[in-house]
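Data block below; observations after.
The values are calculated or read from the model by the stated rules, or taken from the named source; none is laboratory data. Here the structure is a predicted model, which is why all the values come from computation and not from measurement. Note: ideal-geometry Cβ built from the backbone for every residue, glycine included; neighbour counts use all protein chains shown. Surface accessibility is based on the protein's heavy atoms, side chains included, excluding ligands, DNA and RNA. Shrake-Rupley method; radii C 1.70, N 1.55, O 1.52, S 1.80 Å.
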Amino acid sequence: MKEAINYFYERYLSEKNAKELINNDLSNTKNKLTKIEGENEKLKEYVRNIEKRCEAVNNHLTVYGIEQQKFLMQIYKLKEQNNHLLYVQRSYVEIINNQKKDLSRLTILNEYYSSSKHDFRDEHRKYIINIVEKVLLLIKKLLVMGNQKIRRVKVICEIREQLAKYESCFYKNNFKLDVDARKILEKLGVYIEKWQNFYQGYRWNAKAVEAGDVKHIENLLQELHYVSLYKRFEKYSERIVSVETLYQVLKNKRKIQRNYSFKKFHNEMELLAKQKYINLEKFIINRIFPGEIYTMLRPFNQIEYNFKLLKTYGMYYFLYVYGSFENNTFKVGVTKQNLANRYLKAEESYNEHFSKGNFQEIKVIRNLNALNLESYLKKKFKQQRHPLFNSTEWFLLTKSELKYFLNEEYKQDADFMKILNYKLDV
């Protein structure tokens, strides 16, 4: 019995230990399960987050897909436009090449017509247009120079030189200075002269550079630019040459002596160009701005070149001889037009030395070379100068010597007639 009780007791203990082990295992398993469930919840939450992200990514991908489709359509359209532009470009390149050919052909034609149809060449137009633009810049420069008077005068002189080059471009290419261009240059010359006078310290006909004047001149230069670019210019019907060329031609044709220097010839031509008492328009170009002298070759070629006659031609119109036969006293002189005034003055001088004698007009010759005729007669009758008069114009002439005038014996004097018949009209 005791053995049975021990047996059952041991069995009870064994089962109790087993149950405790099972409970421990069950408790551990539950703890693990709880832990696993917690981790599983976390994983589920993580999975849900991933799913949300995936959904967002899918949404973005869908949007990107739509945008990609749009981009593909745009790319397709751009390709079509590009192909069209390439086609248009090829067309324009072909047009440009054709235009280049046309331009080259037209340039050749233009050069041909410029020379054969008496028109300015393109290179000459570009040259004078460049001068106009340069002058405008120089004039604007005058406004911003403050009190620098000396530098201003230099700039004004440079403006004059540029405008002289503009003018010379016409003459050296045998063209007349355009009427409209001449008017503009003359207006510019008025302003430039006033400015130069002012900054050189003169008060008469002087004016400082002002913004209003510069604006007005800018308009004038724009007009000159238009004229220079588009207007057709008139060509001289005869050859226009520089002084140097004229000198060589006249020298080669023996119109002037071979030992006659160019320097002297040039100085004489400068004097002729400045003289105002006779119109030399048929011989020398009347310039607006000082520069190289240009002359008409044909008129100079058709006259005998004699500077002494040229430089005084037209200075006086009348050669007169007044005097008294009773005292053999005579005066030789010249006048522009006032013979009566000259007569009264000559009579007054005569009366200072003589109390009697019929003072009268002996001879009057109308001639544009009157001054050279007078010079010739003074040399001819040099030995007959009157001792009572401190003058080279009063002479003591005998009756036989007076026949030179009274009987027109001077017509037999070749030297006198050469001067008398000298004319610039051609």
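Results, tabulated for the structure shown:
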{"quantity": "Qualifying positions in the range 383-426 - under 20 Å from residue 309 (Cα atoms), in contact (Cβ under 8 Å) with a residue 12 or more places away in the chain and of a type in the set (A, V, I, L, M)", "calculated": "419, 420, 424, 426"}
{"quantity": "Close pairs (8 angstrom Cβ cut-off, 6 or more residues apart or separate chains): touching a residue at least 12 places away in the same chain (Cβ under 8 Å) and polar (S, T, N, Q) in the range 242-253, in a helix (DSSP H, G or I) and open to solvent by 30 Å² or more (accessible area, probe 1.4 Å) anywhere", "calculated": "242/172"}
{"quantity": "Selection from the range 269-305 of residues that are modelled with pLDDT under 90, of a type in the set (A, V, I, L, M, F, W, C) and assigned to a loop (DSSP other than H, G, I, E, B)", "calculated": "278, 280, 283, 303"}
{"quantity": "Candidate set: the range 375-403, residues that are in contact with a strand residue (DSSP E or B) (Cβ under 9 Å, 6 or more places away or on another chain) and hydroxyl-bearing (Ser, Thr, Tyr); chosen: the one least open to solvent (accessible area, probe 1.4 Å)", "calculated": "391"}
{"quantity": "Residues (out of contact with any Ser or Thr (no Cβ under 8 Å at 6 or more places or on another chain), among the small types (Gly, Ala, Ser) and surrounded by 14 or more Cβ atoms within 10 Å (Cβ to Cβ)) located in the range 193-249", "calculated": "206, 228"}
{"quantity": "Neighbours by Cβ (under 6 Å, 6+ apart or cross-chain): first from the range 352-366, among the aliphatic types (A, V, I, L, M); second not in a strand (DSSP E or B)", "calculated": "362/405"}
{"quantity": "Counted residues, the range 306-317 - those being open to solvent by 20 Å² or more (accessible area, probe 1.4 Å) and assigned to a loop (DSSP other than H, G, I, E, B)", "calculated": "4"}
{"quantity": "Odd one out for residue 419, checked against (1) in a strand (DSSP E or B); (2) among the aliphatic types (A, V, I, L, M); (3) closer than 30 Å to residue 272 by Cα", "calculated": "(1)"}
{"quantity": "Test set (1) touching a strand residue (DSSP E or B) at 6+ places or on another chain (Cβ under 9 Å); (2) part of a loop (DSSP other than H, G, I, E, B) - residue 355 fails condition number", "calculated": "(1)"}
{"quantity": "Conditions (1) free of Cβ contacts under 8 Å to residues at least 12 places away in the same chain; (2) not in a helix (DSSP H, G or I); number of the one not met by residue 206", "calculated": "(1)"}
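Let's see how each residue does on (1) open to solvent by 100 Å² or more (accessible area, probe 1.4 Å); (2) modelled with pLDDT of 75 or more; (3) of a type in the set (Val, Ile, Thr); (4) within 60 Å of the chain's Cα centre (by Cα):
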| position | (1), (2), (3), (4) |
| --- | --- |
| 6 | no, no, no, no |
| 9 | yes, no, no, no |
| 18 | no, no, no, no |
| 24 | no, yes, no, no |
| 31 | no, yes, no, no |
| 38 | no, yes, no, no |
| 46 | yes, yes, no, no |
| 50 | no, yes, yes, no |
| 59 | no, yes, no, no |
